[in-house]
Amino acid sequence: MTISTVDQDGYPDARVLILKNVIDETFYFASSSESRKGQQLKENSHVALTFYWPSLGRQIRIRGIAEDCGDEAGADDFRKRSAGARAVALTGHQSEVLDSEEVLDSSIEAQKEKISRDPSVVTPHWRLYAVNAQEVEFWQGDSERKHVRVQYVMQDGQWKTLRLWP
């Protein structure tokens, strides 16, 4: 899925990441709280999620609020990652400028050794986030541009359904 956040200057940022789970109208993803994405979420928890299937001409757009699920949920998600992915996350420099490939490689190797000594090690900065959907739009493309758009908006705990113009 693509997640879009907004930086402190109001510029949008979008990146593709793994959808971890969907439960009811809540969508889960994970990231370092120290990454650019994590910092933006601390400042403004409003996000947009986008799923697109070009071969089907279908898209789902979701707008909502991302909430940190807490220390244990973040640690549990972290432990489920591969050793290589955990080693990279443990380097702790996501989104920072990389000056040297050698420094990166040696840092990852050091973290792999740390994991081999203690497989349960986690970084306290790894977070699982839950996006509580407030608005969902289903879009079905049409070759004549008469797209079908159906929007669901959460109002007073109930989903209101709207049909939108193409």
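Can you tell me which residues in the stretch 142-153 are in a strand (DSSP E or B) and loosely packed, with under 15 Cβ neighbours inside 10 Å? It would help to see each step written out before you state the result.
Let us first name the residues in the stretch 142-153 that are in a strand (DSSP E or B), namely 148-153.
Listed by number, the residues that qualify are VAL148, VAL150.
Return the residues of the stretch 92-111 that are open to solvent by 50 Å² or more (accessible area, probe 1.4 Å) and assigned to a loop (DSSP other than H, G, I, E, B); say none if nothing qualifies.
Within the stretch 92-111, HIS93, GLN94, SER95, GLU96, VAL97, LEU98, ASP99 meet the criteria.
Determine which member of the set ALA130, ALA87, ALA75, ALA48 is in contact with a strand residue (DSSP E or B) (Cβ under 8 Å, 6 or more places away or on another chain), over 25 Å from ASP7 (Cβ atoms) and of a type outside the set (D, E, K, R).
Details: ALA130 fails: over 25 Å from ASP7 (Cβ atoms); ALA87 fails: in contact with a strand residue (DSSP E or B) (Cβ under 8 Å, 6 or more places away or on another chain); ALA48 fails: over 25 Å from ASP7 (Cβ atoms).
Matching residue, one of ALA130, ALA87, ALA75, ALA48: ALA75.
Based on what the data block shows, is ALA30 more than 30 Å from GLN151 (Cβ to Cβ) and either among the hydrophobic types (A, V, I, L, M, F, W, C) or in contact with a His (Cβ under 8 Å, 6 or more places away or on another chain) (or both)? Walk me through how you get there before you give the answer.
On the way: more than 30 Å from GLN151 (Cβ to Cβ): no; either among the hydrophobic types (A, V, I, L, M, F, W, C) or in contact with a His (Cβ under 8 Å, 6 or more places away or on another chain) (or both): yes.
The answer is no for ALA30.
Among what's in the stretch 16-31 and is more than 8 Å from the chain's Cα centre (by Cα) and open to solvent by less than 60 Å² (accessible area, probe 1.4 Å), pick the residue that is farthest from TYR129 (Cα to Cα).
Initial filter on the stretch 16-31 (more than 8 Å from the chain's Cα centre (by Cα)): 20-27.
This time we only want the ones that are open to solvent by less than 60 Å² (accessible area, probe 1.4 Å), so: 26-27.
Working: THR26: 10, PHE27: 8 Å.
Top of the filtered list is THR26.
Do you know which residues across the stretch 1-32 are hydroxyl-bearing (Ser, Thr, Tyr) and in a strand (DSSP E or B)?
Residues of the stretch 1-32 that are hydroxyl-bearing (Ser, Thr, Tyr), as a first pass: 2, 4-5, 11, 26, 28, 31-32.
THR2, SER4, THR5, THR26, TYR28, SER31, SER32 - these are the residues of the stretch 1-32 that are hydroxyl-bearing (Ser, Thr, Tyr) and in a strand (DSSP E or B).
Being in contact with a Phe, Trp or Tyr (Cβ under 8 Å, 6 or more places away or on another chain) and among the charged types (D, E, K, R) is the filter here; which residues of the stretch 115-166 pass it?
GLU135, GLU137, ARG149, LYS160
Kindly provide the set of residues from the stretch 33-91 that are open to solvent by 30 Å² or more (accessible area, probe 1.4 Å), in contact (Cβ under 8 Å) with a residue 12 or more places away in the chain and part of a loop (DSSP other than H, G, I, E, B), ordered by number.
Listed by number, the residues that qualify are GLU34, ASN44, SER45, CYS69.
Being of a type in the set (Gly, Ala, Ser) and farther than 26 Å from GLN40 by Cβ is the filter; apply it to the stretch 112-141 and report the residue that is surrounded by the most Cβ atoms within 10 Å (Cβ to Cβ).
Here is the first cut: in the stretch 112-141, the residues of a type in the set (Gly, Ala, Ser) are 116, 120, 130, 133, 141.
Subset that is farther than 26 Å from GLN40 by Cβ: 116, 120, 141.
Numbers: SER116: 11, SER120: 8, GLY141: 16.
Among those residues, the one meeting the criterion is GLY141.
The values are calculated or read from the model by the stated rules, or taken from the named source; none is laboratory data. All figures in this text were calculated on a predicted structure; none of them were measured in a lab. In this analysis, Cβ positions are derived from the backbone assuming ideal geometry, glycine residues included, and neighbour counts consider all displayed protein chains. Heads up: the accessible areas ignore ligands, DNA and RNA and are worked out on the full protein's heavy atoms, side chains in. Shrake-Rupley method; radii C 1.70, N 1.55, O 1.52, S 1.80 Å.
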